[in-house]
Structures are given as C-alpha cells and as structure tokens.
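Working notes, beginning with the structure itself.
The values are calculated or read from the model by the stated rules, or taken from the named source; none is laboratory data. Remember, predicted model here, so these are calculated numbers, not experimental data. Cβ placement follows ideal geometry from the backbone for every residue including glycine, while neighbour counts extend to all protein chains displayed. When the accessible area is computed, the model is the full protein with side chains, heavy atoms only, and any ligands, DNA or RNA have been set aside. Shrake-Rupley method; radii C 1.70, N 1.55, O 1.52, S 1.80 Å.
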Amino acid sequence: MHTPFTNMTFCIRTFGCQMNKHDSERIAGMLEGLGALPVETIEDADVVAFMTCCVREAADTRLYGQVASLKNVPLRAGSPLSKRIVAVGGCIGQRDGEKLVEELRHLDVVFGTHNLASLPRLLEAAIAEGGHQVEVLDAASSFPTELPTAREHHWAAWLPITIGCNNFCSYCIVPYVRGREKSRPLEDIVAEAERYVAAGVKEITLLGQNVNSYGRDLYGAPRFAAVLDALDATGIERLRFATSHPKDLTDEVIGKFGTLRSLMPALHLPVQSGSDTVLAAMNRRYTRAHYLGLVRKLREACPDVALSTDVIVGFPGETAKDFEDTCRLIDEVGYHQVFTFIYSKREGTPAASMEDQTPHEVVQSRFDRLVDMVQKRAFEANQRDKGSIVDVLVEGASKRDALLLSGKSPKNQTVHAPLPAGRSAEELAGSIVRVRVDEAKTWYLSGEVVDGA
Ligand code: SAH
Ligand code: SF4
Ligand code: F3S
C-alpha cells in the first residue's frame, strides 16, 4: 500500500507526564501504520513532532526555543519532501493553538490533546497545500486509546483508563488542557490488557490523572478496585498505576496491596504539602491527618510498600511554619522517592492571582533543604533491602556501564547487576531475574544475579 507517508521518516520529541509519552506511542503507531519510518534524530527526520507539556514554566520556554532552532537544520538528502514538516501537539498545542503559528512562522501543524487521530490528515494537508494547519478541539470525541500503539518496550505497556481531570487543584493547568475526566469502559481496558498479555507484556501501568475516581461517569459506576481485579485476572505479571489522588483512595484499593497477586508493592501518592492551610489553598480536599491515616493503612495492609510522592515548594503564601509541616510529614512517612517542584505560576489557574508572599531566595533555600532531606530518607529506605533477593524486570544495559544490566524491582527501585557470563542485556531485556542485593544507594540497588538468567 502506497500512502503519502511511504518512505517518509519521523521523529517525536516528548515532554511531560506518562500521558504524553503514551500519546506519543499512539502517534508513532499511526505513522508507522501508514508506512513512515521512526528515526532517532531531528537531522534524519522529514517530520518532527513535539509532544509538549506546560505544567511548569520551564518546559514552556524550552519548547519555543527548540522549535525556533529547527529552522537552521537542513533536510536530509533523499527526503521525499521539499521541506521539513514541524508539528506541535500535546498540552501547549492545546493551550496556545493559533498563537503558536503566529510566533513560530515556520511551524506547519498544531494539534491538541483531544485530536491525536487528526495528525496524519493535518500532516498530509501541510505537505500538499503548505500553510499552517491548526486544529484544536474543546473536547475529545472518542477515547484516544482506540488508536494503534508503537510501544517503547515490548515487555511494558501503559494503559490509560481515564483521560482528563475534574479536580482543579488551584495551581494546576492540567484540567484546562486535558479536559474533563472521562473513563474508559472496563471491557475495553480488559480487552487491551489481554492483547498485551498474549503478546508477552510483563508489566502494565494503568494511567489517569486520578485513577481512584475511575468509573464515576460510566453506567453502573464500576470502581477502580474492580479494574485492578479484572487486570489481575488477565494473568499479567506486574501491575502498577498512576496517579492516585489521596482524597479518593479507598480502603478497598488499599486492601489490594499485599493481597492481589500482580499488584506491585509501590504507590505514588502525591501529597503536595504537609500544611493544612496550604492544602486547603491548593484545593486538594484532604488534610495532613487524612493523608497520614492513608499511609498507616497502606503499611498495615502491606508493610513493605514503597511510597513515593510529589511536593510543591513555595506555593503562594507558604510560611516558614507551613514548610516545616511539610518537612515533618516527609520525615515521618519515609518515602522511597519524592519529586520536588518549585511552584510555577500558571496563567488561568486560581493560584496565579493569589498573593505571593515568599521571595524566590527563600523558596530556593527551602527547596534545597527539602531535596537534601529527601535524599537521606531515600538512602535509608533502600538500606532495608540489603541482603534480600529481589525479582528484577530487566530493561537493558545500564547507561553508565554496558557490562551491567539495569532493571526494576517490585518496589520500582532501579537495580544494577553484572551481566551473567554469556548473556547480553538485549536478550535479557523483558525477562525477570533474581538479584541478591549487596549494596543500596540513594538512587539504586546493586548486587549479583542469582537465578533466572
Ligand atoms: N494528576 C497527577 C499529576 C499532575 S502533574 C497528580 O495529581 O498528582 C504532576 C505534578 O506536577 C503534580 O503532582 C505537582 O506536584 C506538580 N505541579 C503541577 N502544577 C504545578 C505548578 N504550577 N507548579 C509546580 N509544580 C506543579
Ligand atoms: Fe492537576 Fe490536581 Fe488534576 Fe493532578 S489532580 S492533574 S494536580 S488538577
Ligand atoms: Fe504536562 Fe500535560 Fe502531562 S501539562 S504533566 S504533559 S497532562
């Protein structure tokens, strides 16, 4: 079959969260299905697509710079096109639409978060007619997961169960660029999971901005816990999910940790702040006490569960006392991993018009202190695994040393071990090996393969 995409090369640059990464896999799946070839570098690509994020300002500024600099990169020899086609999609595409082509005149295509499937048509029009092809929709007409996928790894799959967000945390742009929450019917989720299991996928990560509110918009209101049960029944080896909003994490879901065969003992539970005043101003709709109660119940259900979280430092009005409350909470919980962010003002969100009482230097020094503390606690948390044997899902060779394999433990820790004699990282990728942990650092565990290779 000859299509306008036959012999064309493309490259996708992805920023932001797993939702965007997954959307990029869908785009790659569509373009490959039409005969285009994926390439690694922009120099080799006839079509370049940026999947963008605007959750914080830094990502925003970078995108405009990167697209602008493309103008100077010549088209490869042998390209079927007369000029490189540049497309911007994802959350900045959704937010800025026409404004992008006004500022970046050599941009050809802009699409949003609700119309991934239009990309091939927009690219075709840009190639055939030239000009600016901009299409941004207010809401999705269908669930994007009905599109094909070109997955990054053959053994792991992301599986969106909801799109959008209804929570409107006061600092966050996501509900404005991803729209209202929509759940995917359980039968579709299970059917996709079954296809993955049959294709040899070992790990599925369920995705949604708040997976805990899954199903409220569906007939019969199926609960998230029912999705976990149904996924477990497909025979998948490892099951994970992200992200969980603490206000909607139920006892039923907590009870799945430690009892559901495939559910890995790791949970990302963003707290954002340890101060009740800040949590209220953030519109998070839980208290510090409620959050700590969830942690206690999780550890009762599964004593070894590894917790990770997100924290924002320098939210408008955050006082020294509020920040101390956050530090105390972080100290008390003892997370395996904490993603720390400096508050970034996002136009159009309620927090953007709140008075900011904290000077940048103060925020920066709070941030540095928190990072320091988080690292010490992560180091301590990892020490507990020294001497134990962990099942590692191999991802390939370590980036630092080609003779080491690198993979993930059930608790989602990175694990390194020397490759067993005669085995290559490529052949082991996607299999599970047992590693005896001899050393535990802040960012990884290391040891020897004892079995399974
Ligand atoms: N739906 C998920 C992910 C949201 S974005 C959740 O609720 O956890 C990922 C993280 O980015 C958030 O948890 C938050 O910590 C951070 N974030 C979002 N908006 C931000 C902003 N304006 N400034 C700084 N960090 C922000
Ligand atoms: Fe943003 Fe809050 Fe929705 Fe997460 S739950 S995407 S932080 S509005
Ligand atoms: Fe960024 Fe959009 Fe995700 S703003 S964090 S890519 S939903």
Output the residue which, of all residues in region 34-58 that are of a type outside the set (A, V, I, L, M) and within 16 Å of ligand 3 (Cβ to nearest atom), is nearest to Gly93 (Cα to Cα).
Thr52
Need pairs with beta-carbon distance below 9 Å; first residue of a type in the set (Asp, Glu) and within region 204-226, second assigned to a loop (DSSP other than H, G, I, E, B); sequence gap 6+ or separate chains.
Asp217/Arg180; Asp217/Glu181
Where residues in region 406-435 are touching a Lys or Arg at 6+ places or on another chain (Cβ under 8 Å) and of a type in the set (A, V, I, L, M, F, W, C), which of them is farthest from Gln383 (Cα to Cα)?
Ile432
Quick one: would you say Ile342 is within 16 Å of ligand 3 (Cβ to nearest atom), within 25 Å of the chain's Cα centre (by Cα) and surrounded by 21 or more Cβ atoms within 10 Å (Cβ to Cβ)?
no
Looking at region 195-210, which of the residues that are within 10 Å of ligand 2 (Cβ to nearest atom) and open to solvent by less than 10 Å² (accessible area, probe 1.4 Å) is farthest from the chain's Cα centre (by Cα)?
Asn210
Please indicate, with yes or no, whether at least one residue in region 2-16 is part of a helix (DSSP H, G or I) and open to solvent by 10 Å² or more (accessible area, probe 1.4 Å).
no
Only listed residue being of a type in the set (Asp, Glu), surrounded by fewer than 18 Cβ atoms within 10 Å (Cβ to Cβ) and assigned to a helix (DSSP H, G or I), chosen from Glu324, Glu347
Glu324
Taking region 277-292 and keeping residues open to solvent by 10 Å² or more (accessible area, probe 1.4 Å) and either out of contact with any Asp or Glu (no Cβ under 8 Å at 6 or more places or on another chain) or of a type in the set (Gly, Ala, Ser) (or both) leaves Ala280, Ala281, Asn283, Arg284, Arg285, Tyr286, Ala289, His290
Among (1) within 24 Å of Thr205 (Cα to Cα); (2) open to solvent by 40 Å² or more (accessible area, probe 1.4 Å); (3) hydrophobic (A, V, I, L, M, F, W, C); (4) touching a strand residue (DSSP E or B) at 6+ places or on another chain (Cβ under 7 Å), there is one condition Leu37 misses while meeting the rest; what is its number?
(1)
For Val253, which of the numbered conditions (1) surrounded by fewer than 19 Cβ atoms within 10 Å (Cβ to Cβ); (2) over 20 Å from the mean Cα position of the chain (by Cα); (3) under 29 Å from Val311 (Cβ atoms) fails to hold?
(1)
Consider only pairs whose beta carbons are under 6 Å apart and that are at least six residues apart or on different chains; among these, list those whose first residue lies in region 275-298 and is in contact (Cβ under 8 Å) with a residue 24 or more places away in the chain and within 16 Å of ligand 2 (Cβ to nearest atom) and whose second residue is open to solvent by 40 Å² or more (accessible area, probe 1.4 Å) and not polar (S, T, N, Q).
Arg285/Lys247; Tyr286/Lys247
Select from region 180-194 the residues that are more than 11 Å from ligand 1 (Cβ to nearest atom) and either open to solvent by 10 Å² or more (accessible area, probe 1.4 Å) or within 17 Å of Ala221 (Cα to Cα) (or both) and list them in ascending order.
Arg180, Lys182, Ser183, Arg184, Pro185, Leu186, Glu187, Asp188, Ile189, Val190, Ala191, Glu194
Of the criteria (1) more than 16 Å from ligand 3 (Cβ to nearest atom); (2) of a type in the set (Ser, Thr, Tyr); (3) modelled with pLDDT of 95 or more, which one Ser244 fails
(1)
Yes/no for Thr9 being more than 16 Å from ligand 3 (Cβ to nearest atom), in contact with a strand residue (DSSP E or B) (Cβ under 9 Å, 6 or more places away or on another chain), touching a residue at least 40 places away in the same chain (Cβ under 8 Å) and among the hydroxyl-bearing types (Ser, Thr, Tyr)
yes
The one condition Val174 fails out of (1) among the β-branched types (Val, Ile, Thr); (2) within 13 Å of ligand 1 (Cβ to nearest atom); (3) within 20 Å of Ala226 (Cβ to Cβ) is (3)
